[in-house]
There are 2 protein chains.
Amino acid sequence: MEEQERARRPGGRSARVRAAVHQAVTELVGERGYGNFTIGDIAARAGVADTSLYRRWGNLQALLSDVLLARLNKQSPMPDTGSLAGDLRTYAAAVAREVTGPDGLALVRLAVALSGEGRQGLQARDALLADRRRQLQAMLDRARDRGEEPPDALEVLDHVLAPIYMRVLFDAGPLTPEYLDGLVDRL
Amino acid sequence: MEEQERARRPGGRSARVRAAVHQAVTELVGERGYGNFTIGDIAARAGVADTSLYRRWGNLQALLSDVLLARLNKQSPMPDTGSLAGDLRTYAAAVAREVTGPDGLALVRLAVALSGEGRQGLQARDALLADRRRQLQAMLDRARDRGEEPPDALEVLDHVLAPIYMRVLFDAGPLTPEYLDGLVDRL
């Protein structure tokens, strides 16, 4: 991932720092879990001064939120298949793949952690979610422009994303392709 | 709460210890959050030997799960209103009240924390959820016995509980009485 980012933006020191920091956070989350490392730990691992991390991200919460957003956008970008049903099914499948993967509940874990960390935490959480929601809304707007009748973004959260997350969080039931398509069809 | 429990089971040392331990956990969760205290901390606060906590609960995860289950059963017992719609609406309202309360996301926080703590954590989580699910199933079975056609317990999780939890976790939308009733009606 880091190498790809370097290749894409050759020579950009800023991009290199970002890639190194993201890599460091990913490793620290895997090794220690959210909430168990500091900006100083990230800086040391990434080989940069912690002052430059504070300058760029402001605080740990904003930095974590930035890393997770970049990962989500890379791993489950909003699809554009040409039909609403196709988009929603593809999206549901990507989310299911992500939440059942090795660091699957990262978004829920981070949202839980940030929710308990005062105003900076809540702001970072909201920035992360607002960005994803804008993308989802754009997908739904494209459907409306094609003459389809899309649901609200909030309905997609309530009846597609929420069941997927809860099933994984509570180990409550399988996420088969049929089940996932059924969530979309039911919507 | 502690006083009530004492009054109900006068002279029971075991019940007194349990009440003191539950109170200590509730305080420590409020002050430090899940994951930031040990069995030793609980024992010290409750004024009992930590060996007796290990003897009774086995490990920290099982103890936390026991405390949260007792709280859930007290604060949102499964209702028995005489109709499925009444039961589900009452239950949804109780869950919404709970998750928007002072320690609202306790169940999600604990499920997240336990999920990351190996086999003992997963066992504790599953025991907690299995108990609540049994109660929910009993509520649905009563409806069937009355000749109603209840949904699966998993559908209640997917389309009533999951949206409530996600809206609170992501601060995504309000939990009005109309919205909550709508979730039940839609089911």
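Annotations for the structure displayed:
- Between the listed residues A:Thr26, A:Tyr54, A:Val108, the Cα displaced farthest toward the positive end of the dipole of chain A, a dipole computed from Cβ unit charges relative to the Cα centre, is found at A:Tyr54.
- Förster-model FRET efficiency, 35 Å R0, B:Asp103 and A:Arg146, C-beta, rounded to 0.05: 0.15
- Helix-only mean residue ellipticity at 222 nm for chain A, each DSSP H run of n ≥ 4 adding -39500 (n - 2.57), per residue, nearest 500: -22500 deg cm²/dmol
- Peptide ranges A:150-162, A:77-89 listed from the most packed, as the mean C-beta count within 10 angstrom indicates: A:150-162, A:77-89
- A label point on B:Asn59, set 7 Å along the Cα-to-Cβ line, lies at 3.4 nm from each of its counterparts in the other copies, closest listed first.
- Relative contact order of chain A, defined on C-alpha pairs under 8 angstrom at six or more residues apart (%): 19 percent
- Taking a Cβ cut-off of under 12 Å around B:Leu180, the surrounding Lys, Arg, Asp and Glu residues balance to a net charge of 0, with basic ones at +1 and acidic ones at -1.
- Averaged over B:170-176, number of beta-carbon atoms from partner chains that fall within 10 Å: 5
- Placing dummy labels 7 Å off each Cα toward the beta-carbon, the span from A:Asp41 to B:Ser14 is 4.1 nm.
- Packing order of peptides B:109-120, A:51-62, highest average first: B:109-120, A:51-62 (average count of other Cβ atoms within 10 Å over each peptide's residues).
- Nearest beta-carbon to the A/B symmetry axis - residue in chain A, distance in Å: A:Ala162, 2
- Copies compared at A:Glu178 - label distances in nm, ascending, label defined 7 Å from Cα in the Cβ direction: 3.8
- Under 17 Å from a label point set 7 Å out along the Cα-to-Cβ vector of A:Glu155, the amide N atoms of the range B:157-187 belong to B:159-160, B:163-164, B:173-174, B:179-187.
- Between identical copies, the spacing of A:Gly33 label points, each set 7 Å from Cα toward the C-beta atom, reads 1.2 nm from nearest to farthest.
- Leaving ligands and nucleic acids aside, the B/A contact buries around 2800 square angstrom of accessible area in total at a 1.4 Å probe radius.
- Within 10 Å of each Cβ in B:112-118, the average number of Cβ atoms from other chains: 4
The values are calculated or read from the model by the stated rules, or taken from the named source; none is laboratory data. Being a predicted model, the structure only gives us computed values, none of them experimental. Every residue, glycine among them, receives a Cβ derived from its backbone with ideal geometry; neighbour counts consider all protein chains shown. In case anyone asks, the SASA skips ligands and DNA or RNA and just uses the protein heavy atoms, side chains included. Shrake-Rupley method; radii C 1.70, N 1.55, O 1.52, S 1.80 Å.
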